[in-house]
Amino acid sequence: MSTLASHSKKSGLMDWLTTVDHKKIGILYLVAGGLFFIIGGIEAMFMRIQLFKPENDFVSADMFNQLLTMHGTTMIFFAAMPLIFAFMNAVVPLQIGARDVAFPFVNALGFWLFFFGGVMLNASWLLGGAPDAGWTGYAPLSTTSLGSGVDFYVLGLQISGAGTLIGGINFLVTIINMRAPGMSFMRMPLFTWTSFVTSGLILFAFPPLTIGLFMLMFERVFDANFFNPDNGGNILIWEHIFWIFGHPEVYILILPSFGAISEVVSTFSKKRLFGYSAMVFATVLIGFLGFMVWVHHMFTAGLGPIANSIFAVATMAIAVPTGVKIFNWLFTMWGGKIVFSTAMLWAVGFIPTFVMGGVTGVMLAIPSADYQFHDSYFVVAHFHYVIVGGVVLGLFAGLYYWYPRMFNRVLNETLGKIHFWTFFIGFHLTFFPQHFLGLMGMPRRVFTYLSGQDLDDLNLISTVGALLMAVGTIVLFINVIISTSKKYAPSEDPWNGRTLEWAIPFPTPEYNFAQTPLVRGLDPFWLEKMAGNKKMTPAEPVGDIHMPNGSILPLFMSIGLFVAAFGAIYKSILVGVIGLAITFLCMFLRSVIDDHGYHIHKKEVEEDMKEGRS
Amino acid sequence: MFAMLALLLMGCGDPTLSTLLPQGEVAKSQYSLMVLSLAIMIFVLLVVFIIYAIVLVRFRQKKGDDSIPEQVEGSHTLEILWTAIPIVLLIILAVPTVIHTFNVSAKEKAGKNELSIKVTGHQYWWQFEYPKDEIATAQELVLPVNTKVHVELTSADLIHSFWVPSLAGKTDTNPGDHNKNYMWLDTGSKTGVYKGKCAELCGASHALMDFKVKVVSKEDYEAWKTNFKSATAKSADQAQGQEVFKKNCLSCHAIGKEGGSTGPNLTGFGDKEKIAGILDHNKDNLKKWIRDPQKIKPGNNMPKLNLQDDDIEAVADYLLKMKLENK
């Protein structure tokens with residue numbers, strides 16, 4: 001393979017638009033996901049302001065339905081998913097001792113597809129109204145919804161879903177093929193394991209969503225009748241397809257957070273993870289069972305007692321591996337020397353919160369009782385306990401923990417702790433009362449409630465809590481801004497880390513590892529440190545390092561689909577064809593142009609090593 | 001512990017709306033499962049929280065202590081323990097779960113002597129039919145006390161969900177003949193008016209799709225049926241209102257045997273608890289509703305009729321005088 005001498009360093013914006021480096025793509029995911037997180041949060045605040053008193057008229061009924069739909073869709077698909085991919089990108093290749101993911105080009109494509117899907121969805125706000133059929137998009141509400149809001153939902157999710165799917169495949173291949181010598185499956189850090197299982201879930205869960213969205217699109221754009229009972233369709237088809245995707249999606253979100261918590265708990269207790277193999281097995285089992293339980297979202301749809309009972313018991317079974325995880329975290333801390341850094345605070349806050357979300361999950365698994373819980377605020381409380389109390393708290397733990405690795409800076413610990421306490425207390429204040437609101441008869445997705453139903457006080461408390469969560473989030477952003485002024489001293493190991501991502505200096509060299517490390521066990525960096533070594537033992541001599549070239553094509557491929565989607569929404573064949581032509585042209589170019597990448601020469605690597613840069 | 005939990009939850013909420021103050025055996029059996037599961041779950045929470053508290057207090061790093069804790073790999077005994085105990089707890093929960101699931105499920109046909117009603121969800125109102133008595137009413141379901149009622153559920157447009165928290169958990173009303181649902185609703189031993197809700201997002205006014213279940217004594221129920229069947233749209237002293245109603249409303253709304261069925265049946269309107277399911281039952285509210293229904297329930301199917309003020313006045317009087325009386 002020839003070395004391309006023409007490789008030149010791009011600067012600024014162009015570098016970010018063309019990058020195929022997993023570290024930079026991780027940052028892109030983090031920034032974009034953070035942006036959508038703020039948008040989804042603002043939508044949530046509007047809803048809580050509307051509900052702070054009965055019969056309020058802060059927003060209209062129609063606007064409220066748009067807000068609830070956009071809040072759910074944005075938070076799940078465009079905040080939680082990309083934030084998970086942010087950490088998977090930033091951390092997984094480093095944790096397994098790889099120089100990048102298996103398909104760097106595809107990695108960039110995945111990001112840009114997700115990003116333009118999100119832009120597509122949010123463009124609906126400016127183009128005649130957002131989707132209003134709930135993030136679940138149940139037919140016939142979604143198929144008959146007026147305006148083009150739901151079309152934006154369908155096409156936005158379709159585009160970003162393609163990005164997620166190829167991202168998942170990429171990480172499967174990366175983790176299977178690119179582990180450093182000695183990094184056997186049963187030595188992989190738990191974050192890598194959970195990313196692996198999550199990628200597997202993506203592989204199997206996203207195709208049903210794709211199919212469902214295609215059916216919905218055909219029904220809306222081309223008058224198909226999949227879900228139209230008047231013409232022989234069946235509304236339950238959508239519910240099944242959506243939840244066959246939708247339930248595994250929940251585990252896609254939570255597993256990487258479990259992984260982050262495992263790393264943080266172990267590092268800040270200064271102990272190896274208790275029951276590592278049980279943790280791995282529990283992760284795989286949760287992923288497997290996640291596909292067997294979708295009907296518990298449909299207990300009230302009328303599938304009958306046999307289906308409901310089977311899915312009830314299957315759902316309850318998931319509590320067992322989840323419990324195994326909780327107890328293993330507790331016993332990792334048991335006998336440890338716990339340091340309460342901000343990252344650890346989030347992990348410590350995560351455990352009881354997630355357990356509370358978990359137990360209400362078991363309660364919801366009982367069909368007969370679920371007839372009371374279902375679609376009430378009890379469910380709203382439950383899934384915010386697992387998604388905010390689980391996923392988001394885990395992501396925050398990961399953020400404070402991996403921030404130095406991603407940005408060569410640390411976040412301020414004091415501000416971090418203020419962020420934790422305001423957000424954590426605000427969270428419980430918001431969502432704990434909602435359990436009772438549900439039990440007291442308040443349905444979910446209501447734009448208002450009448451006075452005189454004993455629902456006023458708890459709703460007010462809930463809104464106050466939401467304000468506190470907003471304050472916490474603002475503190476985080478202040479913290480991020482302040483951190484930009486502080487650079488990190490290279491070759492420091494900020495948390496006394498255990499895994500490979502801490503074995504390299506700051507900033508992370510472009511090629512990650514000058515020499516691929518030799519892994520001698522679980523927590524490889526910790527093992528070396530305990531053996532008195534400062535660095536990993538290399539598994540190869542210093543040599544030329546082969547690197548991929550950046551490319552602008554992923555960006556344009558995504559723009560092409562973005563344009564084509566507008567063609568579908570506004571029924572303009574010309575626009576649709578132009579969009580698809582852009583995408584296919586880019587694919588053609590990618591196929592015919594030989595791109596061998598470039599090499600970083602041995603000399604440069606050796607120089608970096610001499611000066612402590614790698 | 002059970003008793004304590006029950007006490008804790010009692011008195012939570014509006015007695016005509018809260019699932020925690022159940023009436024009738026259906027809601028009570030659902031409540032009993034809620035309490036059982038909550039008890040088991042609180043036990044789990046206690047175990048976790050106690051270990052958690054011990055860990056956080058005992059194992060924080062002390063100042064100046066730089067020693068490395070023992071790197072424990074795990075413990076087979078513990079792993080088996082915290083796999084087996086949850087399994088046992090779940091079996092304790094799963095057995096009554098399955099039994100109750102079968103017990104509360106209703107078959108397609110009601111028994112010969114059982115009261116059977118048909119519920120149809122509309123954007124944004126509820127139609128209640130009594131097939132045996134050929135009665136079709138709306139928004140207020142009148143039922144006799146101490147009766148287990150077989151309910152058939154369907155929808156005229158999209159998915160709604162029929163929920164009377166005090167009397168029975170919800171079941172979806174699915175559009176289309178293939179997906180009719182059936183459920184039991186037990187009226188319990190107390191008479192009273194219970195609040196009902198739509199629990200599935202169904203459009204702009206989903207939040208306003210309230211209805212009432214009026215549980216009355218058996219005698220009152222029989223009298224109500226008889227009066228309902230003999231009611232007519234005729235009103236001697238409200239001739240103008242009757243005329244306006246006939247011209248503008250009758251094509252959608254029926255009174256007695258006359259009129260269309262695309263809108264709620266208005267027989268006995270004067271006796272209703274609420275106007276449009278949500279407003280207090282008085283003339284001002286009724287006039288407000290007739291003047292601009294979209295303002296009160298956005299997205300509903302009743303058009304703005306642009307009636308003259310005196311016509312509105314007349315039709316409101318006419319409707320409010322439409323009471324079911326013993327003849």
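Here are a few things to note about the model shown:
- Taking region A:504-522 as the range and being open to solvent by 20 Å² or more (accessible area, probe 1.4 Å) and farther than 19 Å from A:I600 by Cβ as the test, the residues that pass are A:L518, A:R520, A:L522.
- Some residue of region B:246-257 being assigned to a strand (DSSP E or B), under 20 Å from B:I117 (Cα atoms) and open to solvent by less than 40 Å² (accessible area, probe 1.4 Å): yes
- Note on region A:238-269: residues that are within 14 Å of chain B (Cβ to nearest Cβ) and either polar (S, T, N, Q) or more than 27 Å from the chain's Cα centre (by Cα) (or both) amount to 4.
- Here the condition is being part of a strand (DSSP E or B), within 24 Å of B:L320 (Cα to Cα) and of a type in the set (S, T, Y); of B:Y194, B:Y221, it holds for B:Y194 alone.
- Qualifying residue in region A:583-598 (condition: open to solvent by less than 70 Å² (accessible area, probe 1.4 Å) and out of contact with any Leu (no Cβ under 9 Å at 6 or more places or on another chain)): no
- Filter result for B:E79 (in contact with a Gly (Cβ under 7 Å, 6 or more places away or on another chain) and either more than 9 Å from chain A (Cβ to nearest Cβ) or open to solvent by 20 Å² or more (accessible area, probe 1.4 Å) (or both)): yes
- Selection of region A:105-131 for residues being of a type in the set (G, A, S) and open to solvent by 10 Å² or more (accessible area, probe 1.4 Å) yields A:A123, A:G128, A:G129.
- Exactly one residue out of B:V44, B:V48 is open to solvent by 10 Å² or more (accessible area, probe 1.4 Å) and at the interface with chain A (Cβ under 7 Å from one of its Cβ atoms): that is B:V44.
- Residues being touching a His at 6+ places or on another chain (Cβ under 9 Å) and outside any helix (DSSP H, G or I) - total across region A:447-472: 1
- The number of residues in region B:166-203 being closer than 23 Å to B:H100 by Cα, surrounded by fewer than 24 Cβ atoms within 10 Å (Cβ to Cβ), out of contact with any strand residue (DSSP E or B) (no Cβ under 6 Å at 6 or more places or on another chain) and facing another protein chain (nearest Cβ under 8 Å) comes to 1.
- Considering residues of region A:453-468 that are of a type outside the set (A, V, I, L, M) and open to solvent by less than 60 Å² (accessible area, probe 1.4 Å) only, the residue farthest from B:D14 (Cα to Cα): A:G465
- Picking from residues in region B:125-139 that are open to solvent by less than 10 Å² (accessible area, probe 1.4 Å) and in contact (Cβ under 8 Å) with a residue 24 or more places away in the chain, the one that is nearest to the other protein chains (Cβ to nearest Cβ) is B:W126.
- Out of A:A98, A:A102, sole residue that is surrounded by fewer than 21 Cβ atoms within 10 Å (Cβ to Cβ), modelled with pLDDT of 95 or more, more than 14 Å from every other protein chain (Cβ to nearest Cβ) and not in a helix (DSSP H, G or I): A:A102
- The set of residues from region A:54-85 being aromatic (F, W, Y) and either touching a strand residue (DSSP E or B) at 6+ places or on another chain (Cβ under 7 Å) or more than 13 Å from A:G156 (Cβ to Cβ) (or both) comprises A:F58, A:F64, A:F85.
- Selection from region A:21-31 of residues that are open to solvent by 10 Å² or more (accessible area, probe 1.4 Å) and in contact with a helix residue (DSSP H, G or I) (Cβ under 8 Å, 6 or more places away or on another chain): A:D21, A:K23, A:K24, A:I27, A:L28, A:L30
- Candidates A:L574, A:L585, A:L476, A:L522, filtered to the one that is touching a helix residue (DSSP H, G or I) at 6+ places or on another chain (Cβ under 6 Å) and in a helix (DSSP H, G or I): A:L476
- Residue ranges of helices (runs of 4 or more DSSP H) in region B:264-327 with at least 3 members under 29 Å from A:S451 (Cβ atoms) and open to solvent by less than 40 Å² (accessible area, probe 1.4 Å): B:283-291, B:309-320
- Selected residue [open to solvent by 20 Å² or more (accessible area, probe 1.4 Å) and either without any contact (Cβ under 8 Å) to a residue 60 or more places away in the chain or in a helix (DSSP H, G or I) (or both)] from A:M63, A:M88: A:M63
- Looking across B:L38, B:L8, one residue alone is modelled with pLDDT under 95, within 7 Å of chain A (Cβ to nearest Cβ) and not in a loop (DSSP other than H, G, I, E, B). It is B:L38.
- Out of B:A231, B:A223, B:A236, sole residue that is away from chain A (no Cβ under 11 Å), among the hydrophobic types (A, V, I, L, M, F, W, C) and open to solvent by 50 Å² or more (accessible area, probe 1.4 Å): B:A236
- Some residue of region B:100-115 being within 14 Å of chain A (Cβ to nearest Cβ), touching a Phe, Trp or Tyr at 6+ places or on another chain (Cβ under 7 Å) and at pLDDT 95 or above: no
- Any hit, region A:400-410, residues being surrounded by fewer than 24 Cβ atoms within 10 Å (Cβ to Cβ), away from chain B (no Cβ under 14 Å) and among the aliphatic types (A, V, I, L, M): yes
- Taking the numbered list (1) more than 30 Å from A:G275 (Cβ to Cβ); (2) touching a residue at least 60 places away in the same chain (Cβ under 8 Å) in turn, B:K109 passes all entries but (2).
- Residue match in region A:353-367 (condition: surrounded by fewer than 24 Cβ atoms within 10 Å (Cβ to Cβ), in a loop (DSSP other than H, G, I, E, B) and more than 10 Å from chain B (Cβ to nearest Cβ)): no
- Number of positions in region A:155-183 that are outside any loop (DSSP other than H, G, I, E, B) and open to solvent by less than 10 Å² (accessible area, probe 1.4 Å): 11
- In the condition set (1) loosely packed, with under 15 Cβ neighbours inside 10 Å; (2) within 7 Å of chain A (Cβ to nearest Cβ); (3) at pLDDT 95 or above, B:D65 is compliant with all but (3).
- Residues that are surrounded by fewer than 19 Cβ atoms within 10 Å (Cβ to Cβ) and closer than 30 Å to A:E606 by Cβ, drawn from region A:549-581: A:N549
- Complete set of residues in region A:378-393 that are among the aliphatic types (A, V, I, L, M) and open to solvent by 10 Å² or more (accessible area, probe 1.4 Å): A:V379, A:V380, A:V386, A:I387, A:V388, A:V392
The values are calculated or read from the model by the stated rules, or taken from the named source; none is laboratory data. Quick caveat, the model's predicted, so the values are computed rather than measured. Cβ coordinates were reconstructed from backbone atoms using ideal geometry, including for glycine residues, and neighbour counts include every protein chain displayed. These area figures cover heavy atoms from the full protein model, side chains too; ligands, DNA and RNA do not enter into them. Shrake-Rupley method; radii C 1.70, N 1.55, O 1.52, S 1.80 Å.
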